[in-house]
Structure formats: C-alpha cells, structure tokens
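Take a look at the structure below.
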Amino acid sequence: MSTTYSGAEPVTNTAEQPNFEPVNVTPRFDNPRANVDPDQSKNWFMRLVPILLVNKWPFTIGISLTIFTMLLSVALPAIIGEIINVLPAAVTEGEQEYFLTLIAGLGVLSLFRFVFGFLSNYQLSRVSNQLEADLRSTIYNHLVTLSFSFYDRIQTGQVISRANSDIKAIQMFLMMAPMMLTTIMSFVFAAAYMLSVNVTLTLAALITTPIVYMISIKLRKIMFPLSWLTQAHQADVAVIVDENINGQRIVKSFAQEKNQLNLLAKAAKKLQWVQVRSIDVSSIYNPVIENITVIGQVLVWVYGGWLVIQGEVELGSLVAFNMYIMMIQMPFRFLGMLLQMEQRAKASAGRVFEILDEKPEIVDRPGTVALLHPEGHLQFSNVNFAYGDEPILQDLNFSIAAGETVAIVGRTGSGKSTIARLLSRFYEAETGTITIDNVDIRDLGLKNLHYHVGQVLDEPFLFSISIRDNIAYGRPEASMDEIIAAAKAAQAHKFITHTAKGYDTVVGERGYTLSGGQRQRLGIARALLVNPPVLVLDDATSAIDVKVESAIHDALVNLMAHRTTILIAHRLSTISLAERVILLDEGKVLATGTHQELLAQVPRYSEILSQQDLSEVEEATETDIEDESDGEYRGRIAEQIRLKGKDTTEGDPS
Amino acid sequence: MMGGWHGHGGGKGKNDGLPFAGIPPEVREQTNALMAKEPDFSDLKLTFEHRAPDEASFGLMNFLAPYKYRMFGALLLVGITEMLLLMGPYLVKVAIDDAIIPKDFTVLLWVALIWVASLFIAALVSGFRQRYVGRLGQLLVYELRIRVFAHFQRLSLDFFTEEKAGRLMSRMTSDIEALSNLLQTGLVNLVAQTLSLIFIIGILMSFNVDLTLILLVISAPIMLVMTVWFKSVSGKAYENVRNRIAEVLSDLQESLSGMRLVISFNRMKHNIIKHRNTVGDYRDANNFTAKISSLYSSGTMFVDVATTIIILTVGYFILLDVNPTLDPNGAFTVGALVAFTNLVARFFKPISQLVNLYNQFQSGNAAVIKLRDLLNTPPSVEEKPDAVDINDMQGDIKLQNVSFAYDSSEKVLKDVSLHIAAGESISFVGPTGAGKSTLAKLIARFYDPTSGQILIDNIDVKDISIESLHRQLGVVPQEPFLFHGTIKENIRFSRPEATDEDIVAACQAVGIIDMIDRLPLGLDTPCHERGSSLSAGERQLLALARAFLSRPRVLILDEATSNVDQQSESKIERALDTLLEGRTAIIIAHRLATAMRADIIAVINHQGIMEIGTHEELLALEGYYADMYQTWMIQNEGTVLV
C-alpha cells in the first residue's frame, strides 16, 4: 500500500550506511498482511474486503462451523418432541428400540453441538480479533507517516476514539454479523418444522413475537434519552469529583467546600432523578415483555392441547413447539440489533478511513541521497513560509558556517521557531531552498535529515517511561555509560540520582512530577545522546535555575565546539554563548553580527531585547491532554463509564 | 477534506447546549424534551461542617437500618413473584395429565385462565417491586454520594497527596456503583434465586423424588463447578484484557502526544514494532477470553441437553416401573415428565445466578470496607468544637518555635520563630526541600505543626474556624489548577457572589484583561478548549486574578512564577505590585526577580531561617543571599529585567 509505512528507504550510498532508524525491540507479531482499499469511492464494506480476503479461509471455516452448529441446534427440539411422542408407546407396548435409538441420537447430536458450538464461536472470535489487531496496527503504521501539520490540526482524543471505539464497533459487527445471520437463518428452519406440524398452531405460537418486537423498539426509543442522560450525569458527577480531588488545595484555599458540596449534590440529584425515571419506565415494560412471551406458550398449550385431544397433533410436538417459541424470540431481536450495528460500524468505518485516507504532506522524493558525516554548513536561500494566510518568513537569506554557534533573536512571532522546523523539514518551505553542506534538504531522506539535525524544544515532551529510556529515546541501544554522560552534560545526573529509583524512575504522567527545569534538562540530555552534527536549542533552558543554567552552558560550550548550533533564546546569558547573532524581524534577517556589534550598531536589537511585553502567545507545540475541550473531557469520562459497564456484562454470558 | 473531523456522530455537544456528543439525530428530539423536563434543583442547599457528624461506623447493616421495613417489604414482594412464575410448569403438568390425556377441554380452559391470571398478577407485583426497590436504591446511593463527598471536603491535604487521585475517584464512582448494584439487584436477587431454587426443588420432588435426586446429585454439581470455574478464570482473563487495552491506548496516546519527537528522533520503526507487540498481546488476551467463554456457553447448553436426556431415559424406566399403563392419576405421569424437562433450564438459572451474586456480593462487600475505611479516616487538621470565626483579619502572623515533620520522618522545620507584621510582605528563598512551602502550608493550616504555635492576629490558628481562616486567605500554587468551565467561572470560583464587574476589575488588576478581550469569547472562553488554549503564564495570571477577587487579607504565592516563561513572569511581577498592596503576603520564589519584590526576605535552609532582612540588609551581610544575587547578576548582565 502506498500509504503504509514500509520501513525501506532508497539509499544511494550503500557503503558503511549508519543506522538512521534505531530499533531496540524484537517484533513478536507479524505486520498486517493487507491494508484497506485506498479507493475512496467504494462503500465501507468493500474497502474492508482486502483485510477480509487475507483471512478468507479462517473466516470461511468459522462461518461453516457456525451454520453447522445452527442446524444441530434446530434439530434438538424436534428430536426431543419425537422422543416424547414415542414415549407412551414405548412404555405401554414395550417398543423400546426406537425410543432408545432416539435417545442415543440425541446424545450424539448434543455432543456434536457442544464441540462445534465451541469451535465455531472460538474460530469466529479469533478471526475478528485478528482483524481488530490488524486494523489497529494499520492505523498506527499510518499515523507515524503523517506530518506535523496533521498533528497541528487534530485533537488527540479524537484520534484515540477512532482508533479505539470505532475499531471496536467494526470488530463487533464483523464478529456478530455471521453469528446473527445464522441465528436468523435458524428462524427459517424452526418455522419450517412448526409449519409442517400444524399451520394454525404455528400462527398462534408466533403471534406474540411481533408484539414483543414492537414493544422492544418502543422501549429502546424511550430508554435511549434516559440512558444517554444518565451517562451524561454520571460524567458530570465524575468531573466534579475529579476536580475536587485534583484541585482540593484550591477548594480549601478559598473555603469553597460548601459550594462544591452543593454543586455535587445538584449533579447527584439530577442523576438520581433520571435514574428514577428509567426505573419507572423499565418497571412497566420489563414485566410486560417477560410475560407476553409466556402468553404465547399458554396459547400453544390451549389450542395445541385441543388439537391433541382432536388427535391432529401429538403431545411431543407440542413440547417441541414450546422450545421453538423460545428459540424464535432471538432472531427477531437480533434483526433489529444487526441493523443497528451495521449503522454503527458504517459510521465508525467512515471515521477510521478518514485517518487512513490522510496523505502525508512531506515525503521522500524519489532518488534521495544520504549524507553520512555532514559538516553542518547551513544555507537558507530566499525562503518563504506562511501558516495559513499569515506570512511568517519572507524571502529569508542567511548561512551558518560548519561548526558555528549562532543565536537567532527576534520578538515572538518573528519566525525563529519556524526556521528550526523548516530546517528539519517538519514543514515545507513554500519557495526557496535550504541546504546542508550544499545539499538541498529535500534531496535528503527524511530519516537521514532527522538523524543529523537534533532539536530541543522549550517544553520538552517526556514519555511515561523510565528516565533512562527517555534519554535514550533517539538511541534506544545506547549503553548506560553513554546515557549517564549525556545526563551529566545536561546537569541532570544529580537530580536523577536523587529520584526514587534513579535512572529507572518512571516519569510521572506526562512528566509533571518533574519541574519544568528538570524536564528541560532531560530534553537536552536526550538530544546530546544522539550527538547530531547540527543542534537546535529552541528556548531550551528557559525554565532552568540560574546556577544550573550556567553549568549547562559550560558543558554546552565544550560540546558546541564540534557542531553547528542554533540557539533560539530570550535570555542574554544564553545569547552570549553564541559567536554570532542573527536578528530576525518580521520574517527577514534585519542584521547579523556579534552581540556587542549589534548592541552598538542596531538600535532595534536592544529594543527587541528589552521588549518584555510580548503580547502574542507562541503557538502550542505539544498536543496536550489539557487541551481537550469540556465536551471531549466529559465524553472521555462518559466513555470510561460506558466501557466499565460493558466489561462487567461481557463477563456474563447468561 | 478534514471538514468532517469535528462532526463526531452527528452534532457536537456545544452546538445544541448538550454536554457531549453522541446522540443519533433520530432521538435528539426526545432527548431535548427529556432535558426540558429535568428539574433544576437550584433550591437545593446542603450545609457543610468541617467537623464530621457523630455517626456510627459505616457498614452495610447500619447503612440499611433506617430502611429495614422497606427492605423487608421488597423481599416479600420478591417471594410472591417467584412463586407466581413457577405456576407455569406446574400447570403444564396439570394440562397434560388432567386435560389432554383424559381429553377434557374444560379443564384445559381453566388451566389457561389460571395461568394467564397468574401471569397478570406476577407482572403487576414484579413491576411494583422493581419500582419500589429501584427508587429506594437510588435514594441510598444519593445519600452515600453526599456523605462520601462531604468527607472528602473535610479531609486534609496530606490525604490527597498520599492517595492516588484515581483511587479516590473510584471511591466515588465504581465503589458506590458496586454497592448500589448490591443494594438494588444483588440482595433482592439473592433472595429471589434462593426462593426460586427451593420452590423448583419442591415441585420436582412432588413429581418424582428419585428423578429429582438424580438432578441434584449429577447435573447440579457439574453446573456449579463449571460456573465457578468460569467465573474465576474469566474474572482474571477480562482483567487481563482490560490491562492490555489500557496498554495499547496509553501507547497510542503517548505516541500521538509525542509524535513530533517520534518523527524527529526517527523512532517510527521502533514504535511500530512496539505498538504491534502491545496490540498482539491484546489480541492474545482477547483470544483467551473467547476460548473460555465459548467453552462455557457451549458447555452449559450441553449440560442442559444432557440432563434432559438423563431425565427422559430415567423417567422412561421409572414410568415402566411404577406406571406402565400411563394412568394420568398414577404415581408418575407423562405430564410430570414433560414438566420435568421444562423445569431443567429453570433449575440451572438460579445456580449460575447465585454464583454471579456471590461475585457481586464480594465486590459490594469490598466496596463497603473501602468506604468504611475512607469515612473513618479523620482529617489530620481538625476543627475544634469551640473554634471562633474571625471576621476582620488584620494579617499579623507569628510563628513560635514551630517544628514540623511529615509522618514521623525527619523534621522539615525545626524550631522556627518568625513575625510578619500585618500588611508586610515577606519572601522565602533558599534551596529546594528546605521547607519553604511547608512553612506556607502551616500558616494556611493545611497542616498542623508537630510542635509550637502559629498565631494570626494573636489567636492560635487552631482556635480559628477553618472556614473563616481560609475565606480571608488566598493561595496561588505552582501549578495553577483551572476547573472545567469558562475563564469567568474559574475566576469567580474564589467568591461565587462576585459580580461581572468585580471579575473584570480583578482581571484589570493583574493585567490580563487585554489578553482576555482578544479571545473571541472573552471571559466566556472555556479554559480547556483547544485553540484558545492558555499558556502556563496566562493560566498563572488567571490564578492570580482568582486570588485577587477573593480579597484575601493574607496572600500566599507558592512558587507561583517558577513554571512560566520570562515574558509572563514580568507580567506577573507587575501584577504582584497591585496584589501586595495593603495585605500581608508570603512569597516563595526561586527567581530573585520575584523574591526581591517583598519588603523582607528570609533565607531558609535545613537549619531554619538563616538570614532575614531587607534586600539591602542581606546584601550587606554578604552571606547566602548576597552570593545568590551575585550569580544572578552575572547571568543577567545587561538585561533590562530589574
């Protein structure tokens, strides 16, 4: 599939090719063997066909077994009926042989039903579980190919719900559909048996079925708003509790305990109100539905009993009839469920495909080259870039010599961070060229480029893995000594050794157990470990203590000697590390020179340095769970409540 | 192409005033109608006391005690329903033996009439019972929610720092739900199923003793063992599935949040393999549950049919033995045999139900224990019964020989004495872990000192009612906590009765009004909406506005500027000038620029207060502070910060 990440890369220089893509984990499962059909004009089911086709044999076996099991299930009541029919004769006239044969037959049949019932169920579940796993892997494989601009646009919660509940909906449909279809088929067989015994009795037996069906549909219509509102209010209660636990200090600080209690009481009262309403509705409908089915049995016994008295029907057939009545209720209920599930799966598939149809915006050109040991000479020529309609960089020109340390200074919004992002090709310059060692970065493989250009952002994202794994993120195979050396250079070693488990301490959820400065130090260590020839520090020491910052600077000075370094900074102490300053204003280079030169010659420079009231906020660079909207937050909590409910019933097959 | 991104399931909640998305369009009208009917409960006013009411220790029995007659009534109704429901199979026997075989249609009609009547009564009784028990259960759950939540509010801060938030959350959600399930369905079902089992065995015995014994000795134990096996294995298996999917989702979540790093560190291949491994483990866990549940569901059906086979065979031989002429009035009849086979399925139902109930009972019981432990936890900061309100706090703070240790570990503060005059501001500087924050928390009475005394306006804080103390105190912590709601709601939090003008004034005071005005929704901007997402500095300014609005007499800033960028910091510093005016303030800061704003600076280290005095006095002292200042000056040489 063209959209799937293949892992293979074109290489022009095969000699001593370094491993640009570090892997330090052993695959234990196969990659999905097929992708969804990329043709967007096809309907949702047809687009899933390639995935179904690679599983066609397991699927066919599962369906065949299910049909066979269904046939066995339908046969059982008929045989039991026949046994009861021949029982009187067997007792009074001693015709044991036929009776016992039937008993033995029933035994064999039920044994078969047991084995095939187990196999069919298991087989279909396995196939659908495999499909689910394949879909999950396919989406993930696709997600890592997408560009920064995609992640700027989307909300994490949205993607997760697509990759989770939507896939689950598809899986449920693919598993349940064959099972339900065969159950519905069983209706045909059961009805055929019943009709063969007596037509009017069949009609009498079936008369309650549509009534039950209609009542169920009506009930569902009434219940849906109630259960939806119940979930909404459950989520409201959970939100209040969650905030009062996490924000308890604020609640106490402002003596708001009573108000919060009343807030909760109101939410809990609303929840109680809607739940009482649900109870009122179900206490009317449930007994009706349960007992109407039994009315069908009463009808069969009265009318059937009369037929037996008339000699038209045998007693055993009556017993079988009653068993079929129970069996027939199921297909009727399933029919509605199946349609509903199909609707859900269709909508879900649409949302999943929306992700899979997303094309990566920045891809390798055909015939890329690989730089093995770049010197780090950078050149921006006539570079233009805009976010949407807002021009950021206009005809930007500058060059940085290999091994040089340059600070880029400018007000917020002047395009400093954009330069860093264009350099790594996280975004594509609209016009103009950027070169490393005189090679256009668009001619380099993306992985090759990322391997050589290291970036440290001001708010470094840490993963909830150990500190050691966080530092080794770019080089998972690094040795412990290398990791410690990087941590020492970033002045992180000391505080790491003071944490509970040292380098094995798992960074708390989203890194918040560490202070901002500590996180920045880990971010620096992470980049230093990779040791790239070009390093960009984007305001990377902004939250670090003055004393510690100067120690890091000492370490950086040593390290910078061997590489090209771009510093994006507000602090003078950071700027003073650079050999040269590039002053950026409104997307253009205003001046370049040493700090002293610019201070003396360019009045705008000191103006910008003293510019404290920077009104524009830098756009967020991390996708943050804090960013989810109220609606999403409530939705997530409601989803949790829903899932919890589902899990407890899943364990209960009865 | 991305137009559909936000249209999740038809209509995003905020567009039609609903709290979250997911309503299919065809039922939206009904949902809105229902919401229109919902009462507002705005006149609901609960009181809150910092002292826990003198209640007996929480337990199932004393929780239910006030409702014992209602519970008893419910159980009576259950007994009646179960008896009525068993009329059916008995009537089948009567129909076969007394009507069909003797060919008497009148009896058949009577049987039908009685059957229908019994169904009708059963439906009425069971409907009434469901309503009765359900409403009672909801009332109990509501009361329990209030009780637990009120206790949360009473508990001290140390409780919240020691317990994981998720654990506390589950007290209010899943534990109360487990208990509510036990109350509403568990106890009733326990009685219902037990009665039903007894009735069924009674009826079967009346048909034939030997056949009943066979059922009890052979089939029942097999079913019981199978169900118990399945419950224990599947419990673990589903737990495993839940853990596995949690891993898959957290891996996905982290990958998405950190995707920019994944791309820039070329981790795609590594992460793909890692994700595939977690997905594969999840699949295997799913396959295992599929295996055992397929085995169980097929197995129960098999036991059902096999039991029918045994009954038919043995029943046949019994008939041969005791009633070879098939006399409908004989000791064992065809009707009884048919009724017997009919009752087999009904006989197994209570068995598996009772096993389920055992699990439900266990989790309900565990919930009771957890809730009891919670409700029995006393707040470590307790209000004295005769605590006084101080309504006009001046803000004169005295610490006399205060020592403090978390738990019984090493003392964080040793013998600290300090006087902060009313209206004076003081900043605490010094190395991390020296107890600066602890000192502030003691003054706010989030903790009580291990020894020594803290006096505000010459009254021991322990003698002041917590409500009046906190009302006149404003705290701004390091991580500004914003509630889900609009900017306005978040600021108003500290003083719910504040007018919109008050809020605008507070925003002006901290200098954030310009930023808010630029937002499309202004003060009504949701704090957590993406796109309008606030920077750390802006969030901190909101927290300052919130503190300002409450007009505190004593203001405590606990590292309020340490996590913000330099631009926001200078904004905050300017806001501080307004905030500090005319009130006692305690500022904890590791940035000197912030610390220097206070009238007095205290250097605190592990020994206690090392240096104290004005900025100039401390510089003259040439000690720790002077040294810090020196480093900082060198770093910031030439900047225009000061």
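Considered as a group, the residues in the stretch A:203-242 that are free of Cβ contacts under 8 Å to residues at least 40 places away in the same chain and of a type in the set (Val, Ile, Thr) include one that is farthest from residue B:164 (Cα to Cα), and that residue is A:237. Counting only residues that are surrounded by 22 or more Cβ atoms within 10 Å (Cβ to Cβ) and within 20 Å of residue A:44 (Cβ to Cβ), the stretch A:144-158 holds 0 of them. Among the residues here, residue A:252 qualifies as at the interface with chain B (Cβ under 7 Å from one of its Cβ atoms), crowded, with 23+ Cβ neighbours inside 10 Å and closer than 19 Å to residue B:51 by Cβ. Return a yes/no flag: does the stretch A:447-454 have any residue that is among the hydroxyl-bearing types (Ser, Thr, Tyr), within 14 Å of another protein chain (Cβ to nearest Cβ) and either crowded, with 22+ Cβ neighbours inside 10 Å or assigned to a strand (DSSP E or B) (or both). Within the stretch A:447-454 (the criterion being among the hydroxyl-bearing types (Ser, Thr, Tyr), within 14 Å of another protein chain (Cβ to nearest Cβ) and either crowded, with 22+ Cβ neighbours inside 10 Å or assigned to a strand (DSSP E or B) (or both)), the answer is yes, since at least one residue qualifies.
Candidates in the stretch B:29-47 are the residues that are loosely packed, with under 10 Cβ neighbours inside 10 Å and among the polar types (S, T, N, Q); of these, the one that is nearest to residue A:263 (Cα to Cα) is B:42. Would you confirm whether or not the stretch B:144-159 contains a residue that is among the β-branched types (Val, Ile, Thr), assigned by TED's automatic domain parsing to the domain that holds residue B:56 and either surrounded by 20 or more Cβ atoms within 10 Å (Cβ to Cβ) or not in a helix (DSSP H, G or I) (or both)? The answer is yes, given that some residue of the stretch B:144-159 is among the β-branched types (Val, Ile, Thr), assigned by TED's automatic domain parsing to the domain that holds residue B:56 and either surrounded by 20 or more Cβ atoms within 10 Å (Cβ to Cβ) or not in a helix (DSSP H, G or I) (or both). Does the stretch A:157-165 include one or more residues that are more than 10 Å from chain B (Cβ to nearest Cβ) and not hydroxyl-bearing (Ser, Thr, Tyr)? The answer is no, given that none of the residues of the stretch A:157-165 is more than 10 Å from chain B (Cβ to nearest Cβ) and not hydroxyl-bearing (Ser, Thr, Tyr). Within the option set B:302, B:361, B:317, being assigned to a helix (DSSP H, G or I) and modelled with pLDDT under 85 holds for one residue only, B:361. Only one of the numbered conditions (1) within 11 Å of another protein chain (Cβ to nearest Cβ); (2) in a helix (DSSP H, G or I); (3) among the polar types (S, T, N, Q); (4) loosely packed, with under 14 Cβ neighbours inside 10 Å is violated by residue B:62, and that is (1). Do we have residue B:295 as within 7 Å of chain A (Cβ to nearest Cβ), farther than 25 Å from residue A:84 by Cβ and either free of Cβ contacts under 8 Å to residues at least 60 places away in the same chain or part of a helix (DSSP H, G or I) (or both) here? Yes, satisfied. The selection criterion, being surrounded by fewer than 17 Cβ atoms within 10 Å (Cβ to Cβ), modelled with pLDDT under 85 and touching a Ser or Thr at 6+ places or on another chain (Cβ under 9 Å), does not hold for residue B:331.
With respect to residue B:290, is the statement that it is of a type in the set (A, V, I, L, M) and over 30 Å from residue A:523 (Cα atoms) true?
yes
Within the set of pairs 6+ apart or on separate chains, which have a first residue in the stretch B:216-243 that is in the same structural domain as residue B:297 (by TED's automatic domain parsing), a second that is modelled with pLDDT under 90 and aromatic (Phe, Trp, Tyr), and C-beta atoms under 7 Å apart? Listed pairs, sorted by first residue: B:223/B:348.
Against the conditions (1) more than 30 Å from residue A:257 (Cβ to Cβ); (2) touching a Lys or Arg at 6+ places or on another chain (Cβ under 8 Å), residue B:243 satisfies every one except (2). Take the conditions assigned to a helix (DSSP H, G or I), more than 8 Å from chain B (Cβ to nearest Cβ) and touching a Ser or Thr at 6+ places or on another chain (Cβ under 6 Å) and apply them to residue A:152. Does it pass? In short, no. Checked against the criterion of being at pLDDT 85 or above, in the same structural domain as residue B:545 (by TED's automatic domain parsing) and buried (at least 17 other Cβ atoms within 10 Å of the Cβ), the candidates B:437, B:425 yield just one match: B:425.
Set side by side, the residues B:270, B:275 differ, and just one is in contact with a Pro (Cβ under 7 Å, 6 or more places away or on another chain) and assigned by TED's automatic domain parsing to the domain that holds residue B:298, which is B:270. Going by what's in this entry, would residue A:495 be described as within 10 Å of chain B (Cβ to nearest Cβ) and assigned to a helix (DSSP H, G or I)? Considered against the rule, which asks whether it is within 10 Å of chain B (Cβ to nearest Cβ) and assigned to a helix (DSSP H, G or I), residue A:495 comes out as yes. Within the stretch B:319-338, the residues that satisfy the criterion of being facing chain A (nearest Cβ under 10 Å) and among the hydrophobic types (A, V, I, L, M, F, W, C) are B:319, B:320, B:326, B:334, B:337, B:338. Among the residues of the stretch B:217-264, the one identified as loosely packed, with under 15 Cβ neighbours inside 10 Å, among the hydrophobic types (A, V, I, L, M, F, W, C) and either under 22 Å from the mean Cα position of the chain (by Cα) or facing chain A (nearest Cβ under 8 Å) (or both) is B:246. Scanning the stretch A:341-373 for residues that are touching a Ser or Thr at 6+ places or on another chain (Cβ under 9 Å), surrounded by fewer than 14 Cβ atoms within 10 Å (Cβ to Cβ), modelled with pLDDT of 85 or more and away from every other protein chain (no Cβ under 13 Å) yields a total of 0.
With respect to residue A:241, is the statement that it is within 15 Å of residue B:145 (Cα to Cα) and either over 31 Å from the mean Cα position of the chain (by Cα) or at the interface with another protein chain (Cβ under 7 Å from one of its Cβ atoms) (or both) true?
yes
Please pick out the residue among B:141, B:133 that is in contact with a Ser or Thr (Cβ under 6 Å, 6 or more places away or on another chain), crowded, with 20+ Cβ neighbours inside 10 Å and either facing chain A (nearest Cβ under 7 Å) or over 30 Å from residue B:449 (Cβ atoms) (or both). Walk me through how you get there before you give the answer.
On the way: B:133 fails: in contact with a Ser or Thr (Cβ under 6 Å, 6 or more places away or on another chain).
Being in contact with a Ser or Thr (Cβ under 6 Å, 6 or more places away or on another chain), crowded, with 20+ Cβ neighbours inside 10 Å and either facing chain A (nearest Cβ under 7 Å) or over 30 Å from residue B:449 (Cβ atoms) (or both) holds for just one of B:141, B:133, which is B:141.
Condition check for residue B:543 on (1) within 28 Å of residue B:434 (Cβ to Cβ); (2) more than 9 Å from chain A (Cβ to nearest Cβ); (3) touching a strand residue (DSSP E or B) at 6+ places or on another chain (Cβ under 9 Å); (4) modelled with pLDDT of 80 or more: one failure, at (2). Among the conditions (1) in contact with a helix residue (DSSP H, G or I) (Cβ under 9 Å, 6 or more places away or on another chain); (2) facing chain B (nearest Cβ under 7 Å), residue A:234 misses just one, which is (2). On inspection, residue A:187 does not qualify as within 30 Å of residue A:364 (Cα to Cα) and either within 11 Å of chain B (Cβ to nearest Cβ) or surrounded by 19 or more Cβ atoms within 10 Å (Cβ to Cβ) (or both).
The single residue among B:120, B:149, B:159 that is modelled with pLDDT under 90 and within 10 Å of another protein chain (Cβ to nearest Cβ) turns out to be B:159.
The values are calculated or read from the model by the stated rules, or taken from the named source; none is laboratory data. Everything numeric in this text was worked out from a predicted model, so none of it was measured. Positions of Cβ are generated from backbone atoms using ideal geometry, with glycine treated the same way; all protein chains shown enter the neighbour counts.
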